[in-house]
1. State all residues of the stretch 58-87 that are out of contact with any Ser or Thr (no Cβ under 9 Å at 6 or more places or on another chain), open to solvent by 10 Å² or more (accessible area, probe 1.4 Å) and more than 23 Å from GLU119 (Cα to Cα); if no residue qualifies, say none.
2. Mind counting the residues in the stretch 82-128 that are touching a helix residue (DSSP H, G or I) at 6+ places or on another chain (Cβ under 8 Å) and in a loop (DSSP other than H, G, I, E, B)?
3. Please find, within the stretch 129-145, the residue that is modelled with the lowest pLDDT out of those that are surrounded by 14 or more Cβ atoms within 10 Å (Cβ to Cβ) and in a helix (DSSP H, G or I).
Amino acid sequence: MKVSVQTADFDLSSEVKALAEKNTNIGAVASFVGVVREVAMTLEHYPAMTEAAIRKIVEEAKSRWEVMDCTVIHRYGELQPSDQIVLVAVASAHRGDAFAACEFIMDYLKTRAPFWKKEHRAEGARWVEARASDDDAAERWAGKVG
């Protein structure tokens, strides 16, 4: 399992290749890359707390699905529109487990990982509030087991 909270960009192809090469029993890798939409932003976090929260999310996914390995990279700092912000890649023997675990991890990252986002718009900067739709997406996993 790789969890990294970093300022540097990442290369999707390299990360997926590294994940798939670790085990010849891997039959599927599902990945998600989030990008910054139309407005520049600053992401802040508490380093040890953030990585621990992400590891806990990944461990929960592993308890629900047949996850063989996982990579989660989340960037912080100053980010511009179209910059990559997050990567979730999940390796499994079968695509169903890989897809479900990838979606679960991303839904939980949006609601349970301690990041704070500030958007920089022409009219000024403002902190972004959590969205009800993100909470709803995470809530649908409550009680569901792989």
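1. Passing the criteria: GLU59, GLU60, LYS62, SER63, ARG64.
2. Total meeting the criteria: 2.
3. ASP134
Let's see how each residue does on (1) farther than 26 Å from GLU139 by Cβ; (2) assigned to a loop (DSSP other than H, G, I, E, B):
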position	(1), (2)
LEU19	yes, no
THR24	yes, yes
GLU38	yes, yes
ALA48	yes, no
ARG55	no, no
CYS70	no, no
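For every residue, the table says whether it meets (1) under 12 Å from the mean Cα position of the chain (by Cα); (2) buried (at least 17 other Cβ atoms within 10 Å of the Cβ).
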{"position": "VAL5", "(1), (2)": "yes, yes"}
{"position": "SER14", "(1), (2)": "no, no"}
{"position": "ALA18", "(1), (2)": "no, no"}
{"position": "VAL35", "(1), (2)": "yes, no"}
{"position": "ALA89", "(1), (2)": "yes, yes"}
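The values are calculated or read from the model by the stated rules, or taken from the named source; none is laboratory data. Fair warning: this is a prediction, and the values are worked out from it, not measured in the lab. Glycine also receives a Cβ, built like all others from the backbone with ideal geometry; neighbour counts cover every protein chain displayed. Keep in mind that these areas ignore ligands, DNA and RNA; they rest on the heavy atoms of the full protein, side chains included. Shrake-Rupley method; radii C 1.70, N 1.55, O 1.52, S 1.80 Å.
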